[in-house]
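Supplied in structure tokens, the structure appears directly below.
The values are calculated or read from the model by the stated rules, or taken from the named source; none is laboratory data. Note that the structure is a prediction, hence the values are computed from the model and not measured. Note that we place each Cβ from the backbone using ideal geometry, even for glycine, and neighbour counts take in every protein chain shown.
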Ligand SMILES: [Fe+2]
């Protein structure tokens, strides 16, 4: 198996294209996407179309927000959700609009396969819960995360949502491995502990590195990939769409 796991594209077409090209170059057999294809960014329609190539697409909190309301979103994120909803309801394109809404409405919250669990947020709240590196000191939270869901004993759980790539391991004590500290590679097959793997974000990285992030899993190891893309192209698309808050473009230049 050689599978690409991506997440949090956030309607950033240039970043998504660059990652898809790298995935192809790396010879991955398929692509699993953990959600937040849309929200924040200027190109939701083309990103939904491209995500159709993925063998799996999950529901992210931004898809949930366009479907059911932006509960708990800050004003800038909510403004982008309202804008995204308009983009998916363009007059004169009713049939394509319907396909887009059917796609978003048909996404599932999690996927179990072999001993791997795939979610957007966390194992106990697959769409909305954040797991940050400082949470390794919150033992009750970590115990609950590694014990959920009660009906499925996973060895590896893939998540996105925080836009910070890394690995949480169920060691004693709990540990977090930043990809930069482990040479972007983690051999999981020979280790007994469960791991929760955050694949980072394709379209809005927040770990101080503006390059797109994703992970490749093969039978032995996880490989964290960082991909340069044409950030200016995405900034230009923000310029063309003044309905989106400036701040959302600005953060792409810093990766924060
Ligand atoms: Fe996200």
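Inside the range 1-119, counting only helices (runs of 4 or more DSSP H) that do not spill past its ends, which hold 3 or more residues that are over 22 Å from residue 163 (Cβ atoms)?
94-105
So in the range 51-91, with the set limited to residues that are farther than 30 Å from residue 28 by Cα and in contact (Cβ under 8 Å) with a residue 60 or more places away in the chain, which one is farthest from the ligand (Cβ to nearest atom)?
86
Would you confirm whether any residue within the range 4-11 is away from the ligand (no atom under 13 Å from the Cβ), at pLDDT 95 or above and touching a helix residue (DSSP H, G or I) at 6+ places or on another chain (Cβ under 8 Å)?
For the range 4-11, residues away from the ligand (no atom under 13 Å from the Cβ), at pLDDT 95 or above and touching a helix residue (DSSP H, G or I) at 6+ places or on another chain (Cβ under 8 Å): present.
Also: Please go through the range 184-208 and pick out each residue that is more than 16 Å from the ligand (Cβ to nearest atom), in contact with a strand residue (DSSP E or B) (Cβ under 9 Å, 6 or more places away or on another chain) and outside any strand (DSSP E or B).
Those that are more than 16 Å from the ligand (Cβ to nearest atom), in contact with a strand residue (DSSP E or B) (Cβ under 9 Å, 6 or more places away or on another chain) and outside any strand (DSSP E or B): 184, 188, 189, 191, 193, 194.
A further question on this structure: Kindly list, by first and then second residue, each pair from a residue in the range 24-40 that is within 15 Å of residue 106 (Cα to Cα) and near the ligand (Cβ under 9 Å from one of its atoms) to a residue that is at pLDDT 95 or above and not in a loop (DSSP other than H, G, I, E, B), limited to pairs with Cβ atoms under 6 Å and residues at least 6 apart or on different chains.
Final answer for the pair search is 35/58; 36/62.
Looking at the range 160-175, which of the residues that are within 14 Å of residue 191 (Cα to Cα) and in a loop (DSSP other than H, G, I, E, B) is farthest from the ligand (Cβ to nearest atom)?
Residue satisfying both the conditions and the ranking: 172.
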